[in-house]
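The values are calculated or read from the model by the stated rules, or taken from the named source; none is laboratory data. Fair warning: this is a prediction, and the values are worked out from it, not measured in the lab. Neighbour counts are summed over all protein chains in view; Cβ atoms, including those assigned to glycine, are modelled from backbone coordinates with ideal geometry. Protein only, heavy atoms only, side chains kept; ligands, DNA and RNA dropped before computing areas. Shrake-Rupley method; radii C 1.70, N 1.55, O 1.52, S 1.80 Å.
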Amino acid sequence: MDGTSAAAAGTPDEEPPLGLSATEWKFYKFVKSSTKGVSLSEHPPGMDVTEAHLAMNTLLKKSAIEIMSLNGENLLRAIDLKDAEKASKLDEEGRLVFNAIRAAGNVGIWTKDLKKKTNLHMIVLNRALKLLEQKHEIKAVKHVKFPTRKIYMLFNTTPSSEVTGGAWYTDQELDTDFIDSLKAACLKYITARSFPRNETVRDAVFGADHEHYPTATEVRRFITESRISSIELSVKDITSLLDVLVYDGTIEKKSPFAIGMEDFSDEEDGDENVQWSYKAVRKTTSRLPVEALTEVPCGRCQVFTFCSENGPVSPFNCEYFKVWLDW
């Protein structure tokens, strides 16, 4: 068991990691025990204010803890000791850049924002970035929304779907063929479950109380079991795909019968936990005869009453009529 594991286990002869004193290690564990962070005035039980302040300042210098702002209040948050050890071996500029990139997490940070955050000159910043890249501490990634920007994150961090584009992007390019094939498969599955199989009745539909339309979870299960996609797709991915089909007008969303109107919210994310079901929209051709008057602009013209040979609007200067004739 290494020093860090032994310390975490709380053995009697534990060796505090990163060259920390017993007081500093106690303060670090106190900060780490809080997921939301601790205020600057708080300190571990049995530790006086002076000891706590000295330990806090030392840990801040060693990049083992950091100060963050939450709802206008400054709080202390513990940093992973592996990252703290890496930062402690860097010079002042390198440590500033490393900590700023680490804080950005898996969304990364743009060089322009990095310059503002560190307040370093561009030459100094570029030198620090180059050194950190050579040491394999950080890496540059491409952002699908901002392909010209250089985004940095820690070397072993997996970029978020916001950066890579998720399942719909391949090599930073939108994979339209993959999306179209999945849309077609989803539509076929939903259509098969949207209408009864009754060959004797034309355009047969289910009754209003029918509840067995497929949900996004069921569509995902179908895609997975059919091995249509070699990429692992989440329910959220499938939902975004079904939303496109809704906007295309090929399917419609149906709320579960068990839910009441009071369970809905006007907020954009109010229906996150609602298991929507989906029904295909059957395309029907009109059996009504086409009237010639409804086909020409005159049949639905809003200024028809003003239209005359010598009036403000006439067939000779009518823009709608001209477009219709050209078409």
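So if we plug the beta-carbon distance of GLN275 and SER39 into 1/(1 + (r/R0)^6) with R0 = 30 Å, what FRET efficiency do we get, rounded to 0.05?
Working: r = 41 Å, r/R0 = 1.37.
The formula returns an efficiency of 0.15 here.
Could you provide, to the nearest whole Å², the per residue accessible area of the stretch 47-95 with probe 1.4 Å?
59
Can you give the FRET efficiency to the nearest 0.05 for TYR320 and SER69, using r as the Cβ-Cβ distance and R₀ = 56 Å? Step by step, r from the Cβ atoms, then E = 0.40.
Taken over the stretch 137-203, the percentage of Cα pairs per 10 Å bin, counting from 0 up to the bin with the maximum distance, is 18, 30, 20, 15, 11, 6, 2. Think of the stretch 100-168 as having a plus end and a minus end, set by charges on the Cβ of Lys, Arg, Asp and Glu; of GLN134, ILE101, THR111, THR111 sits farthest toward the positive end of this dipole.
Would you mind putting 120-128, 62-70 in packing order, based on average other-beta-carbon counts within 10 Å, highest first? Numbers along the way, then the final one.
Numbers: 120-128: 14.9, 62-70: 17.2.
In decreasing order of mean packing, 120-128, 62-70 become 62-70, 120-128.
Of the residues GLU133, GLU24, GLU15, ranked by 1.4 Å probe accessible area with the largest first, the sequence reads GLU15, GLU133, GLU24. With no solvent and one point per C-alpha, what does the Debye sum give as log10 I(q)/I(0) for the stretch 26-91 at q = 0.13, 0.17, 0.27 Å⁻¹? Rounded to two decimals, the profile gives -0.33, -0.57, -1.22.
So which lysines can LYS254 reach, going by Cα to Cα under 27 Å and dropping same-chain residues fewer than 8 places off? Answer for LYS254, where 27 Å is the Cα cut-off: LYS183, LYS188, LYS236, LYS279, LYS283, listed by chain and number. Between LYS130 and ALA184, how high is the FRET efficiency from 1/(1 + (r/R0)^6) when r is the Cβ-Cβ distance and R₀ = 35 Å? Nearest 0.05. In this case the efficiency is close to 0.15. Using heavy atoms of the protein chains and a probe of 1.4 Å, the accessible area assigned to THR305 is about 120 Å².
Remark on the stretch 51-204: ratio of C-alpha radius of gyration to 2.2 N^0.38 Å is 1.61.
For the stretch 208-251, with only Lys/Arg (+1) and Asp/Glu (-1) charged at the beta-carbon, what is the dipole magnitude about the Cα centre, in debye rounded to 20? Mind dumping the intermediate values first?
Values: 4 positive and 8 negative charges, 41 e Å.
Approximately 200 debye in magnitude.
Taking label points 7 Å from Cα along the Cα-to-Cβ direction, THR191 and CYS307 give a separation of 3.9 nm.
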